[in-house]
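Step one of this worksheet: look at the structure below.
The values are calculated or read from the model by the stated rules, or taken from the named source; none is laboratory data. All values derive from a computational prediction rather than experimental measurement. With ideal geometry, Cβ positions are generated from the backbone for all residues, glycine too; neighbour counts draw on all protein chains shown.
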Amino acid sequence: MMLTQLIFGIAGGLLFAMGLRSALIRESLLARILAVNVSGAGIFLAFVAIAYRGLEETPDPVPHALVLTGIVVAVSATALALALRRRLEEADDE
Amino acid sequence: MNNLLTLPVMIPLGFSLLALLWPRRASSIGILGLLATLLASAWLAWRVAGSGPMLLALGGWEPGLGIALHADALSSTLLLMSSVVALAAGTYSTGYFRERSDRARFWPLWLLLMTALHALFLSGDLFNLYVTLELIGLSAVALAALGGKRKAVEAALRYLILGLLGSLLFLAGVALIYAGYGTLDLMQLRNMLAPEPVAWIALTLMISGLLLKSALFPLHFWLPPAHANAPAPVSAVLSALVVKAALYLLLRFWLDIFDDVVTTFAAWLLGSLGAMAVLWGSWKALRAVRLKLLAAYSTVAQLGYLFLFFPLLAALPVGAARDTALGALILMALTHGFAKSALFLATGVIQQKAGHDRIEELGGAARALPVTVFTLALAGVALIGLPPSGTFQAKWQLFSAAIATGQWLWIPVIATGSLLAAAYVFRILGYAFASAEGVKYRIADGREELPALILAILATVLLGFGSIWVWEFVTPGALAVGEVP
Amino acid sequence: MEITLWHLLDSLLAILLLGLAWSALSGTDLKRGVVLFMAFGLLLSLIWARLRAPDLALAEAAIGAGLSGALLLLALRDREKSENKAGQPMSLLRLATVLLMLLLAASFALAYVTAVTSNTGGRLAGLAFGNLEQSGVSNPVTAVLLNFRAYDTLLELAVLLAATLGILALGSERRPFRRPGVLLGALVTWISPLLVIVAGYLLWTGAHAPGGAFQAGALLAAAIVMLRLGGMTSEQLPHQLLQGWLLAGGIAAFMLAGYLATFHDLAFLQYPAGWAGLLILLIESAAMLSIALSLGLAYLGGSPSGWDERSSRGKRS
Amino acid sequence: MSFNSWLPVLIVMSSLVPGLVIFLLREENHLLRTLLNLFGAVIKLLLVGVLIWGVFHAQVIETRWTLAPGLDLVLHADALSVLFVTLSTLLWLLTTIYAIGYLENAPHRSRFFGFFSLCVTATVGLALAGNLFTFVIFYEMLTLATYPLIAHKGSPEALRGARIYLAYTLSGGILLLIGTIWLWNIAGPLEFAQGGILGSIEGLDPIVLGIIFLLLMTGLGVKAALVPLHGWLPQAMVAPAPVSALLHAVAVVKAGAFGIVRVVYDVYGIEFAASLGLLTPLAIAAGITIVYGSLKALSQDHLKKRLAWSTVSQVSYIALGAAILGPLATIGGVVHLVHQGLMKITLFFAAGNYAETLGIHKVSEMNGVGRQMPGTTLAFTIGALGMIGLPPVAGFISKWYLGLGAVEAGIAAWILPILIASSLLNAAYFLPILYRAWFLRAEHKPLVAGNRVKTVTPPALLWPPIITASLALAAGLFAAAPYSPLEWAQLIAEREYKQ
């Protein structure tokens, strides 16, 4: 167990909660989309912190792979959400 | 080698690519793919029924490092149901989407959704489950937004964001589990998990994510708009399958993987929320102005019934009585799946033929669309829980379990819920049977009306008189992840 | 354990990150929020590097900060009615939400700390390194992504495809930018080929060093973004049918490779002995193109011109 | 499987299948529909004949199909079920003929006859039900099948009546369901057995059994129109005459009464029920209903409404019979199941004929109908006299045995007054009708008969009431003959009091 893991893990938890809160209370859709991304990043941070095993040892590659997958999933979701939002605003004009 | 396990996932995926590459043949490719998927699922269920649960270590890596696929009675049953519903709704969609370009948009996404659902039913790995949840979410949202009507798009966007939050809660739990137990494989976890803070908090996070996705009261608020504004075939699958997927995971975790971790208090919490969902959902359904909204709220209520089982299962000692209750739970889920999809498809027919789905203006429907109204009636019987339908046997066991465990509290809830259900179903029928002159309906053809009828018959006649098969097939090895030779 | 300089740096990074996130989320000015979010992404990739996750650093920089940022900036052009309202509830409720947030964070942290302190083993690392030789690649992350947990990656490509199809189904692309000034024009013409080359290198090196399909794909997508900024119209994209094949390619390659094994009576996605390296390279190449095109189309914001004609064109093709 | 294990299913199918086929027929396909109806009805009658023979020779005739762990769908033929099956099958045939004539070129006939057949299917099903679970299933199906028949006209008041009917029966159904499940939960499979099953089971809490009995009786009482659960019955009058006839004589009301008989005799067992002290409340409820129904009938001018209230009163004779300990009362109650059916269906057929031929709906318009429609009025008269309980019509037999039973049980003190009072009341609301019909001369006839100078009732409408009336008469005259309803009732009674 090392301090670095704890620091970033706890930071991850904070980000996760912070994003969740904003995603629920913000009116603006764009803000909510940002918030979801921040929240996800928090969990990713926790994952990578779990994988970290100090300066000497090479870290656990599995969480890295999971996070990489997660990042791609996140960007896909963001892209879709933004497209929906744009479509929504166009529909407004109609 | 059990590579058969991959087929229900990979067939729809492959055909979705084909539908993407040959858009002009999208419909025929799609139907073909769903037929193949159905065959594969049936074969899988047959194998499971014959020789018990199956396991496949993907890539040949030992579970833990690699990902394992599991099939047991529960998962293969749901697999079968989703294949049937998908095929029926898909067939209906060929009549629903008149534009070829619409069909070209619809089919690849539709098959991706099936891929996602089946991947979820079979997956044996926590993180993989997260990916399948996201795949379900995104493809479902994309489908719900098809047609691009403002209301639909808005509902889809909110649905997407909430779905993402649900997945994130789930993922947070996964991270904690990996940190604490160093594996993501359900089979290994099941033997490692112990009632301790890490497991509790992780489970709480994952369960709340799943509750959000399965729209348990009071987290249901996103469901009615999303389900009521999507295209009819999509609504059918959203209500019948997508919420069930989250529920399936809930069951899997609650009764199987986290069996030692869950507490009776939590079960009671779920039960009470379920009770509120039954009453609130049924009431809103009764007050609904539009048929699709009614159907959506009735989904909220019907899901509530399923959650009533949790405190009962917690109270029943492991053994025959508990198995019976579990079988009833699954039977109810199946019946609702078929009945609700039938209801949504029939609603779609009415909406297209009458040009609206306002309940109070359905006069003359019974004469213009007898088959569809008959379908509504059959589906209604199943939703109320009257014989002959699987729901009746299921509710019987639900009542019985409540009496046996002395949890009398639920009995008035179920009774009231059933009466409210009867009220809203016969409200529809009352207006549909009322004779109204001058109402114009367009003629419906078989591929529009028959799929719904078949689903309704499955819910009433097949599951009504064949209900024992569910018990015989499901209960012995219902939750047998990890009990594979 | 002793507090070293590293730990101070870590705390600094963490606090900075939290600060960025907070200010990105709490402000009502969305443009500012988006910019701060991109900064957040860059800082995050720095932290990945610090935590010895170079693959993630690359991916985060290219995708997390880069492409998401580009998409968000583009999205700023679409006005929202709801935006102008200050999206904050009244103070008391606000306080409550903050408390709930802290509660959630605290419980997560509690579980996390207990987990990490109680379980100090290598978790799956040992297994992963133990099987690295058989995996066909020497970069452990790539090994996990494309061999040990290849199924995840396969489904992940499906997620990307679903999102892309969803976007395409929603309507036509944004209007292309007008031709930029000489300077940007020249910049684009120089940078985009460069990006393509780097992408190819990343793909190749991914087998043994940081990099791989995702980072490479993201860079290619970045090239598309640059060209788009340079006024590219969708006619300059490959033919619609070819686009379809490119989108499908990644998944198709995966499935073919996966079932190839089953003919040798192996498990799905189990690469025949000695083939792993080659198969992984092929899959990655196809995946890279799919990812690049998907993200590129996402930046276009809708179906490129002529996408729908595919379905209604005559018998030919 | 032997033929005997198929027979009950066939009997149910013989009306189910034609019903389902009829749904698919086009409206104008009159001939085929009629053929299907009659074919089904006749086949059913023949099968029932075989059934009677079998039961008389004490054969085991049973179909069993497992639906869930511990829940079997059982169709089983015993003396009681045979009595009810025969009644409903016979009356279905006649009612079908009547309905075919009645609904000449009315709209939605396919729908009507479809649900009509389903209605009979459900009735026969619950008559043959071998356990309480099966009974409940068909009981609910009956509710579903009857709703469209009551709502058939589609007019606002028709829909209203149907809605009220549904509200009552479904709520009752839930109570019945809960009671049944509770009992099933503590006493295991509730297979009907002569002499009852609960008496032999150890360690059942009498309080619980009492509560369950209350639940069951409430659930069944709704359909049997026990006061105060009778509210739907007068509302359901809006239904077409054949439907009312079926509702009051065999299908719904009778199903409730039959259920009460089943629960009292074959689930609880009459002696056991008596030992629990459950019979007296039931008897009181029945008594109140008998008097109250007759009183309400007095004040009705609308003919069908008056008949409806008289049903409320008459059906409770069956419940009363079940509520008095002793074979004689049992005989009286059980035999009234048949007698009331025959007499009441006659009355409704006749009422329908008055409405169809002369457009008469009110008692006050019935002056001199005897001369215009002698056949119908004769039938009506027989039915009415039977209801009053005058010998030699069947009604007398029922009341006679009920009276004897009351004496035997030693509660004559308050039962006999009820019987006498109700008979007097019956006389009070039937005799004036007969008087008007026969002895008053019809004033303002053209107004009533419209511009039709000569009024004739088509044979399809005329013969059913005449047949049922003569059956009611025969049941009284030849009560002692073998195979007569009374004979069966006695057979049942002695089997119920074996131990």
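The figures follow:
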| item | result |
| --- | --- |
| Scope the stretch D:106-130; condition assigned to a helix (DSSP H, G or I), within 19 Å of the chain's Cα centre (by Cα) and within 14 Å of chain B (Cβ to nearest Cβ); matching residues | D:Phe115, D:Leu118, D:Thr121, D:Ala122, D:Gly125, D:Leu126 |
| Residue among B:Ala145, B:Ala140, B:Ala116 that alone is at pLDDT below 95, in contact with a Leu (Cβ under 7 Å, 6 or more places away or on another chain) and crowded, with 24+ Cβ neighbours inside 10 Å | B:Ala145 |
| The stretch A:48-63, subset out of contact with any Leu (no Cβ under 6 Å at 6 or more places or on another chain) and surrounded by 24 or more Cβ atoms within 10 Å (Cβ to Cβ), residue nearest to C:Ala143 (Cα to Cα) | A:Pro61 |
| Of the criteria (1) touching a Ser or Thr at 6+ places or on another chain (Cβ under 9 Å); (2) surrounded by fewer than 21 Cβ atoms within 10 Å (Cβ to Cβ); (3) not hydroxyl-bearing (Ser, Thr, Tyr), which one C:Lys31 fails | (1) |
| The stretch B:187-219, residues that are farther than 17 Å from A:Phe47 by Cβ, away from chain C (no Cβ under 12 Å) and under 22 Å from the mean Cα position of the chain (by Cα) | B:Ile207, B:Leu210, B:Leu211, B:Leu212, B:Lys213, B:Ser214, B:Ala215, B:Leu216, B:Phe217, B:Pro218, B:Leu219 |
| Single residue of the stretch C:121-135 satisfying the filter (in a helix (DSSP H, G or I) and within 8 Å of chain B (Cβ to nearest Cβ)) that is farthest from the chain's Cα centre (by Cα) | C:Leu127 |
| Selected residue [within 21 Å of D:Ala239 (Cβ to Cβ), surrounded by fewer than 23 Cβ atoms within 10 Å (Cβ to Cβ), in contact (Cβ under 8 Å) with a residue 40 or more places away in the chain and away from chain B (no Cβ under 13 Å)] from D:Leu103, D:Leu38, D:Leu47 | D:Leu103 |
| Meets criteria (outside any loop (DSSP other than H, G, I, E, B), surrounded by fewer than 24 Cβ atoms within 10 Å (Cβ to Cβ) and among the hydroxyl-bearing types (Ser, Thr, Tyr)) for D:Thr180 | no |
| Residue list for the stretch C:96-131, filter: of a type in the set (Val, Ile, Thr) and crowded, with 16+ Cβ neighbours inside 10 Å | C:Thr97, C:Val113, C:Thr114, C:Val116 |
| So C:Pro210, is it within 19 Å of the chain's Cα centre (by Cα), assigned to a loop (DSSP other than H, G, I, E, B) and either touching a residue at least 12 places away in the same chain (Cβ under 8 Å) or more than 30 Å from B:Leu55 (Cβ to Cβ) (or both) | yes |
| Subset of the stretch C:267-303 (residues that are in a loop (DSSP other than H, G, I, E, B) and either among the small types (Gly, Ala, Ser) or buried (at least 20 other Cβ atoms within 10 Å of the Cβ) (or both)) | C:Ala267, C:Phe268, C:Leu269, C:Gln270, C:Tyr271, C:Ala273, C:Gly274, C:Gly301, C:Gly302 |
| Residues of the stretch D:139-173 satisfying the condition of being β-branched (Val, Ile, Thr) and surrounded by fewer than 22 Cβ atoms within 10 Å (Cβ to Cβ) | D:Ile164 |
| Options C:Ser68, C:Ser23, C:Ser11; residue that is part of a helix (DSSP H, G or I), of a type in the set (Ser, Thr, Tyr), at pLDDT 90 or above and more than 20 Å from A:Gly19 (Cβ to Cβ) | C:Ser11 |
| Qualifying residue in the stretch B:154-173 (condition: within 8 Å of chain C (Cβ to nearest Cβ), out of contact with any strand residue (DSSP E or B) (no Cβ under 8 Å at 6 or more places or on another chain), of a type outside the set (Asp, Glu) and in contact (Cβ under 8 Å) with a residue 40 or more places away in the chain) | no |
| Per-region count, the stretch C:1-15, residues within 23 Å of the chain's Cα centre (by Cα) and more than 7 Å from chain A (Cβ to nearest Cβ) | 1 |
| Unmet criterion (only one of (1) farther than 17 Å from B:Leu17 by Cβ; (2) without any contact (Cβ under 8 Å) to a residue 40 or more places away in the chain) for C:Ala252 | (1) |
| Residues of the stretch A:21-30 satisfying the condition of being at the interface with chain C (Cβ under 7 Å from one of its Cβ atoms) and under 14 Å from the mean Cα position of the chain (by Cα) | A:Arg21, A:Ser22 |
| Those residues of the stretch C:136-150 which are at the interface with chain B (Cβ under 9 Å from one of its Cβ atoms) and either among the aliphatic types (A, V, I, L, M) or out of contact with any strand residue (DSSP E or B) (no Cβ under 9 Å at 6 or more places or on another chain) (or both), in sequence order | C:Val144, C:Ala150 |
| Unmet requirement for D:Val222, which otherwise passes all of (1) within 14 Å of chain B (Cβ to nearest Cβ); (2) touching a residue at least 60 places away in the same chain (Cβ under 8 Å); (3) not aromatic (Phe, Trp, Tyr) | (2) |
| In the stretch B:259-282, the residues that are out of contact with any helix residue (DSSP H, G or I) (no Cβ under 6 Å at 6 or more places or on another chain) and either at pLDDT 95 or above or in a helix (DSSP H, G or I) (or both) | B:Phe265, B:Ala266, B:Leu269, B:Ser272, B:Leu273, B:Met276, B:Leu279, B:Trp280 |
| Meets criteria (closer than 24 Å to B:Arg287 by Cβ and of a type in the set (A, V, I, L, M, F, W, C)) for B:Leu238 | yes |
| Cross-chain or 6+ apart pairs with Cβ under 7 Å, the stretch B:199-221 first and in contact (Cβ under 8 Å) with a residue 40 or more places away in the chain, then hydroxyl-bearing (Ser, Thr, Tyr) | B:Gly209/B:Ser167 |
| Matching entry among C:Thr153, C:Thr164 (being buried (at least 24 other Cβ atoms within 10 Å of the Cβ), within 14 Å of chain B (Cβ to nearest Cβ), over 29 Å from B:Gly64 (Cα atoms) and under 15 Å from the mean Cα position of the chain (by Cα)) | C:Thr164 |
| Of residues in the stretch C:26-56 being assigned to a loop (DSSP other than H, G, I, E, B) and out of contact with any helix residue (DSSP H, G or I) (no Cβ under 6 Å at 6 or more places or on another chain), the one nearest to the other protein chains (Cβ to nearest Cβ) | C:Arg52 |
| Qualifying residue in the stretch B:322-332 (condition: more than 30 Å from B:Arg427 (Cα to Cα), touching a strand residue (DSSP E or B) at 6+ places or on another chain (Cβ under 9 Å) and of a type in the set (Ser, Thr, Tyr)) | yes |
| Among the residues listed as D:Leu67, D:Leu94, the single one being within 30 Å of B:Ala325 (Cα to Cα), crowded, with 22+ Cβ neighbours inside 10 Å and at pLDDT 90 or above | D:Leu67 |
